[in-house]
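Contents: one structure, followed by commentary.
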Amino acid sequence: MLWLAAHPLVLASRSQVRRALLEAAGIPIKSIPPDLDERAVEARAGHSLGASDAALLLAREKARSVAAPPGQYVLGADQTLALGRARFTKPSDIEAAREQLRALSGRTHELCSAVAVAKDGRAIFSHCEVARMTMRSLSERFIDAYLAAAGSAVTSSVGAYQLEKLGIHLFERIEGDHFTILGLPLVHLLAFFRREACLAA
């Protein structure tokens, strides 16, 4: 086993993608979704919060908000999308997803993926990576077809897409780390755990 810590890593997330990435890397996981009002956390921080700062803040708060036994590591993660100065959250319904796709069509946006690790209620590590994503120009006919094919899954991800699924059809250029795009800057996270002697070095 590569994972050397005494207990599984607590994943403060409902994301099946993040869980799968960590398990594929040989890290045992116990999932405990956080009970956190993300918009309220952002509101307390102020409206001037940039996309990367927002992702870092939310990742830290998710990690800190989950109760775990003493000495156990808790991982929080968050992903934000910035189109210029505008920041997007997960679409509330299919029509909101349609509006996001229209806004992103033919333009380049940034995905900011942050990860944080807490121990004994204190954040001890955080990191954010940015990927630049250029959507091709999308016709209304294509948007209709895409939304029909993807269904309610479009409401589970910011930008109304999941790159590992049908979302790949939306793009003409992608610049950035694959794990960052999927919502978990894994290389930097694994380096942290090696420094902590949680992973075989």
Quick one: is A63 closer than 19 Å to F125 by Cβ, crowded, with 19+ Cβ neighbours inside 10 Å and at pLDDT below 95? no
Odd one out for V10 among (1) closer than 22 Å to I181 by Cβ; (2) touching a strand residue (DSSP E or B) at 6+ places or on another chain (Cβ under 7 Å); (3) outside any loop (DSSP other than H, G, I, E, B): (1)
Are there any pairs with C-beta distances below 8 angstrom linking a residue in segment 92-105 that is more than 9 Å from A160 (Cβ to Cβ) and assigned to a helix (DSSP H, G or I) to a residue that is modelled with pLDDT under 95 and of a type in the set (A, V, I, L, M), with the two at least 6 apart or on different chains, and if so which? A103/A86
(1) farther than 30 Å from Y73 by Cβ; (2) of a type outside the set (G, A, S); (3) touching a residue at least 40 places away in the same chain (Cβ under 8 Å); (4) loosely packed, with under 13 Cβ neighbours inside 10 Å all hold for R122 apart from (1)
Starting from residues that are acidic (D, E) and part of a helix (DSSP H, G or I), keep the ones in segment 17-46 and report whichever is farthest from E61 (Cα to Cα). E23
Can you pull out the residues in segment 41-57 that are over 12 Å from T80 (Cβ atoms) and either in contact (Cβ under 8 Å) with a residue 12 or more places away in the chain or under 16 Å from the mean Cα position of the chain (by Cα) (or both)? V41, A45
Only one residue in A131, A160 is under 19 Å from L57 (Cα atoms), under 14 Å from the mean Cα position of the chain (by Cα) and either crowded, with 19+ Cβ neighbours inside 10 Å or at pLDDT 95 or above (or both), so which one is that? A131
Residues being under 15 Å from V17 (Cβ atoms) and in a helix (DSSP H, G or I): count how many of those fall in segment 156-181. 10
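The values are calculated or read from the model by the stated rules, or taken from the named source; none is laboratory data. It should be emphasised that the depicted structure is a prediction, and the values quoted were computed from it without experimental measurement. Quick reminder, even Gly has a Cβ in these numbers, built from the backbone with ideal geometry, and neighbours come from all protein chains shown.
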